[in-house]
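Every number here is computed from the coordinates shown, using simple stated rules; none is lab data. Computed from a prediction, not measured in an experiment: that's the story for all the values here. Ideal geometry is used to build each Cβ from the backbone, glycine not excepted, and the neighbour counts take in all protein chains shown.
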Amino acid sequence: MKKISKIQPELFEFSFENLKKAEIEINKYPKEKKASAVLALLYLVQEQNNNWIPLAGIKYVAKLLNVPYIKVYEVVTFYSMFNLSPVGKYFVQVCTTTPCMIRGAKKLTDICKKYISKNQNELSENKICSWIEVECLGACVNAPMMQINQDYFEDLDESKTVEIIEKLLKDEFPTPGSATGRKNNSPEKGKTTLIEVKNA
Amino acid sequence: MPKITVNNKEVEFEEGMTVLQACELAGAEIPRFCYHERLSIAGNCRMCLVEMEKSAKPIASCAMPATDGMKIKTNTPFVDKARKGVMEFLLANHPLDCPVCDQGGECDLQDQSLFYGFDNSRYKENKRQVKEKYMGPLIKTQMTRCIHCTRCIRFATEVAGIPELGAIGRGEDTEITTYLEKSMESELSANVIDLCPVGALTSKPYAFEARPWDLKKTETIDVMDAIGSNIRVDTYGWEVKRVLPRVNEDINEEWISDKTRYACDGLLKQRIDSPYIREHGRLQKASWDEALKLLISKLKIYKPEEIAGMVGDLADLEMIYSLKSFFNKSLGSTNLECREDKIYINPKERMNYIFNSSIKGIEESDFILLVGTNPRLEATILNARIRKAYLKNKTKIYSICNPGDLTYPYESVGSSTNVIKEIASGQHEIFKKIKKSKKPIVIIGESALQGNSGAYVFETLKSFLLNNNFIRKDWNTLNILSQNASKVGAIDLGFYSISNKNNFIFFDKLINDDFKFLYLLGADNINFEKKDKFIVYQGSHGDKGAEIADIILPGAAYTEKNGLFINLEGKLQNAYKASYPPGDAREDWIILNDIANMIKKPLGFNNVNKLRELIKKEIQSEKNIDFDHTSQMDFVEKNISINHVDYYYTNVIARSSKVMNECKQLSKKLLFTGIEKAV
């Protein structure tokens, strides 16, 4: 069960831009089914509030969609993508499901433990970064991998991971994508088929 | 009708039934946890698996609609194995704490594991840990026992109309809770205890009090409001341990309000267990002999006109009738009153003071107009019916006055008697709407009938409904919402003082100090000054009545005597004795009968059978009431305001109850406005 932060902001309100985005989301659904926009709105809350959702944000979304608080609270606790307590400005999610684990995800978590914080969901010493183990992020072909904020970092090994995390701790955002430089999930040693097709 | 074959037995079923319901028709019992007749279908416990022909996998019978020609088997090894598998998973995380669990002995999981459970566990893993959740002073939680059937969530959202419960987390970590563990703000909240198939939600006041098999169970009637909910009283020796609902489709279905359920600890406190006499301003214990002798000597001093009697809100027909005959026959006085306040009544016809559409009839209605009433607090079970009608038929609900949150949406249409005038003369929008509807319901609350405008409100609305043919044999739109269990019965027995000109003679005389001797029979909700009146209080609890009394006679509470009650629909119901009165206390009609015999003016009955015969005769008899009213009442302009109902404190038993006191403290600020709504 996710921990709810003890320190909570008293008020949460969408910024002007986010309110506009929220309206677009709500208008995607029929009027009496506007509660369907709950996930999109929660993402907006999380984006606006440094990667986590405060209780005031839950209330705010519930009021906006005219549903009881508990219904939004249920959704927030159900999905692992929503954080209920502050996370770092750089939020590292290391995939530890089977394919990544076979390809050495354990080493990645060890590095996180060493460089960021001893336990998951704890801020690093300079309060800028935190990490968490997650289940499959759907990039098994590029295992092992991790997600930092909205971006994927794939085909990692020890040295590359250390490099990335050291950059993060210096408040710099590394270039996302495959560490080996391959495009998407193309074969490791270059194309073997469809060589004649340019964009394949 | 379509047919279904269950275990080679063919049965007809109604369109729209589920496989589970069809199986029950065929007499095959299906185990279940999440399925409940009165709640929506969830289909998440998987205990009701059955075998369906041409299906490789077992199906969840509660969620599968039955179709014509289906072939179902419920007793094959295949089904048994499937159910055993489900049970094993349910028990994987269920603690083995039946010996300390309050649900033990009446637990669905315990019962069903007898048939589908294994004798040992294959799990070596640790069981799940879940923190206890706070859900208010009534519900005790032990969430490790929860099997996530979500019955409580569905009840809160659908029946109670308070969507405050939810399931947070996912998978094994799912937990049932209220939003941030605040207490449930509903007068029906404790019904989740009955719904919970395991011991996750149990009764807090009843915790570790008794085991169900040790209790004596008595099926009886509730008196906390005028609904007359059917209840079962569980007693251990003298003590009433708990009150549970009993199914009655016409009245309370299978719900009861929190007050009905938890005021019972008030039966143990503040009891009057011996007669008392006031000497030099202080109440002294006395014997029955002393008390009755003093009473009789006092009765001789006063003239019949100076003597008056009142019955309280919890009185049964026996009490009312014996006090009435005691006054009429033995004392020659007719100063009797059952009302607590100046509330207009018109006892000419029975339909003038009962709930004519019947509680069940609410479901058929297509238009409801509330006039000066807050049914949520005045008749909680009835309010749940209105909500049911709203959910089922999208019934339009209007209200004169604004009663706050009623758990369903309604439109408030002003609060002045002017609105009623406009409706009657056809100027108001309500007029057209009521005309269009087939089975409208108009519910007039006691607040609307109060004071000098009460007569106008009632007579105008009645003649309006009569003129528009809404008072028919098949449908009667006129409804009065009484608040007291004794009210309809008392009016039926003629326990009131009215005249053509003045509906409130009794109260006027009371204020003018025309009465010198007052007999209060369980009447505690009173507001007058004592001055030099001699007051006799006969009742069960030391409350407002006993405080001002000069003689106190100990009577029995509603669980301690056999009694007849008439509920607000005019339905006669039998209440049975579950316990016995404490100390020297006696049943009330016996006390009155004794006094009458002592002054040599007997009441004409010496046993309860004879008494009941007389009561039934009195109710059925044609009454020649000298009460002639003109339907053209003078218009009185007044703002109708709903009297504040102190829900947890309405009667002596509730006021003596510790649990009710706790609830009151908690809901003090929320009572009038209802819950904070997510708007």
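How many Cβ atoms of partner chains, on average, are near each residue of B:177-183 if near means within 10 Å of its Cβ?
4
Roughly what angle does helix A:55-65 make with the longest principal axis of chain A, taking Cα atoms, 0 to 90 degrees, to the nearest 10?
Relative to chain A, helix A:55-65 is tipped by roughly 70 degrees.
Only four residue types carry charge here, +1 at the Cβ of Lys and Arg and -1 at the Cβ of Asp and Glu. Report the dipole size of the stretch B:134-187 about the Cα centre in Debye, rounded to the nearest 20.
So the magnitude is around 160 debye.
Rounded, prolate or oblate, given the Cα gyration tensor of the stretch B:418-506, with a/c below 1.5 counting as rounded?
The shape class here is prolate.
Classify the stretch A:1-101: rounded, prolate or oblate, from the alpha-carbon gyration tensor (a ≥ b ≥ c, eigenvalue square roots; a/c under 1.5 rounded; otherwise prolate if a/b is larger than b/c)?
Since a/c reaches 1.5 and a/b is larger than b/c, the shape of the stretch A:1-101 is classed as prolate.
Quick one: Karplus J couplings for the stretch B:25-34, per residue in order, coefficients 6.51, -1.76, 1.60, θ = phi - 60°, nearest Hz, x for Gly and Pro?
Taking θ as phi minus 60°, the curve returns 4, 7, x, 9, 7, 10, x, 7, 10, 7 Hz for the stretch B:25-34.
Residues with amide H under 5 Å of B:Ser416's amide H, sequence separation 5 or more or different chain, H placed in the peptide plane at 1.01 Å from N; which?
B:Ile640
In what sequence, highest mean first, do B:598-606, A:90-98 appear when ranked by Cβ atoms within 10 angstrom?
A:90-98, B:598-606
So for the stretch B:80-196, taking the charge dipole from beta-carbon charges (+1 Lys/Arg, -1 Asp/Glu), which of B:Gly169, B:Asn126, B:Ser113 sits furthest toward the positive end?
The residue sitting most towards the positive pole is B:Asn126.
Evaluate peptide B:164-172: per residue, the Cβ atoms of other protein chains within 10 Å of its Cβ; return the mean as an integer.
4
Tilt of helix A:16-27 relative to the longest C-alpha principal axis of chain A, in degrees (0 to 90, nearest 10)?
90 degrees
Percent antiparallel among DSSP beta bridges with both residues in the stretch B:330-468, to the nearest 5?
Around 10 percent antiparallel, to the nearest 5.
Helix-only mean residue ellipticity at 222 nm, chain B, DSSP H runs n ≥ 4 weighted -39,500 (n - 2.57), per residue, nearest 500. What is it?
-7000 deg cm²/dmol
Whose amide H sits under 5 Å from the amide H of B:Ile272, counting only residues 5 or more places off or on another chain, with H placed in the peptide plane?
So B:Ile272 has HN proximity to B:His541, B:Gly542.
Could you put A:Phe12, B:Phe635, B:Phe515 in order, starting from the residue whose Cβ has the fewest other Cβ atoms within 10 Å?
With the sparsest Cβ surroundings first, the list reads B:Phe635, A:Phe12, B:Phe515.
Report the label-to-label distance for B:Ser40 and A:Val197 in nanometres (one decimal), using points 7 Å from each Cα along the Cα→Cβ vector.
Distance between the two pseudo-spin positions: 4.7 nm.
State the answer as a single residue: which of B:Ala523, B:Ile471, B:Ala557 lies farthest towards the positive end of the charge dipole of the protein assembly as shown, with beta carbon charges of +1 for Lys and Arg and -1 for Asp and Glu, about the Cα centre.
B:Ile471
What residue among B:Asn651, B:Cys152, B:Val79 has its Cα farthest toward the positive end of the dipole of chain B, where the charges are +1 on Lys, Arg and -1 on Asp, Glu, each on the Cβ?
B:Val79
Could you pull the Cα extents of the stretch A:1-54 along its three principal axes, largest to smallest, in whole Å?
37, 28, 17
Can you sort B:Phe470, B:Phe115 from fewest to most other Cβ atoms within 10 Å of each residue's own Cβ?
B:Phe115, B:Phe470
What value, in deg cm²/dmol to 500, does the helix sum -39500 (n - 2.57) over DSSP H runs of n ≥ 4 give at 222 nm once divided by the residues of chain A?
Theoretical 222 nm ellipticity from helices: -10500 deg cm²/dmol.
Would you kindly derive the ³J(HN,Hα) couplings of the stretch B:399-412 from the backbone phi angles with the Karplus curve 6.51 cos²θ - 1.76 cosθ + 1.60 (θ = phi - 60°), listing them in order in whole Hz, with x for Gly and Pro?
The phi angles translate into 9, 8, 5, 10, x, x, 5, 10, 6, 9, x, 8, 10, 8 Hz.
Provide a whole-number value for the mean count of partner chain Cβ atoms within 10 Å of the Cβ atoms in peptide A:66-79.
For this peptide, the per-residue mean of nearby foreign Cβ atoms is 6.
Please give the peptides A:37-43, B:518-524 ranked by average Cβ packing (other Cβ atoms within 10 Å per residue), highest first, as a rough proxy for protection.
In descending order of packing, they fall as B:518-524, A:37-43.
Using alpha carbons only, how many angstrom separate the centre of the stretch A:94-165 from the centre of the stretch B:519-570?
So the separation of the two Cα centres works out to 75 Å.
Give a residue-ordered list of calculated ³J(HN,Hα) values for the stretch A:91-108 (Karplus: 6.51 cos²θ - 1.76 cosθ + 1.60, θ = phi - 60°; whole Hz; x for Gly, Pro).
Residue by residue, the stretch A:91-108 yields 9, 8, 10, 9, 6, 10, 7, 2, x, 5, 4, 5, 8, x, 5, 4, 4, 5 Hz.
For the stretch B:386-544, give me the percentage of DSSP beta bridges that are antiparallel, rounded to the nearest 5 percent.
10 percent
If you restrict to DSSP beta bridges whose two residues both lie in the stretch B:511-661, what percentage is antiparallel, to the nearest 5?
About 30 percent, rounded to the nearest 5.
Neighbouring Cβ atoms within 10 Å as the yardstick, rank B:Arg350, A:Arg103, B:Arg339, B:Arg472 fewest first.
Listed from fewest to most nearby Cβ atoms, that is B:Arg472, B:Arg350, A:Arg103, B:Arg339.
So if each residue of separation counts as 0.36 nm, and I subtract the Cα-Cα distance between A:Asn185 and A:Phe16, what length gain in nm does that give?
Full-extension gain reported as 57.0 nm.
Give the angle, between 0 and 90 degrees and rounded to the nearest 10, that separates the Cα long axis of helix A:158-169 from the longest principal axis of the Cα atoms of chain A.
Helix A:158-169 sits roughly 40 degrees off the main axis of chain A.
Could you tell me what % of all Cα pairs in chain B have separations over 45 Å?
Of all Cα-Cα distances in chain B, 28 percent exceed 45 Å.
Dipole magnitude of the protein assembly as shown about its Cα centre, charges +1 at Lys/Arg Cβ and -1 at Asp/Glu Cβ only, in debye to the nearest 20?
The dipole magnitude comes to about 760 debye.
Only Lys, Arg, Asp and Glu count, each charged at its Cβ (+1, +1, -1, -1), so figure out the dipole size of chain B about its Cα centre, rounded to 20 debye.
340 debye
Under 5 Å between amide hydrogens, which residues at least 5 positions from B:Lys133 or on another chain qualify, with H placed 1.01 Å from N in the peptide plane?
Sorted by chain and number, the residues that satisfy this are B:Thr141, B:Met143.
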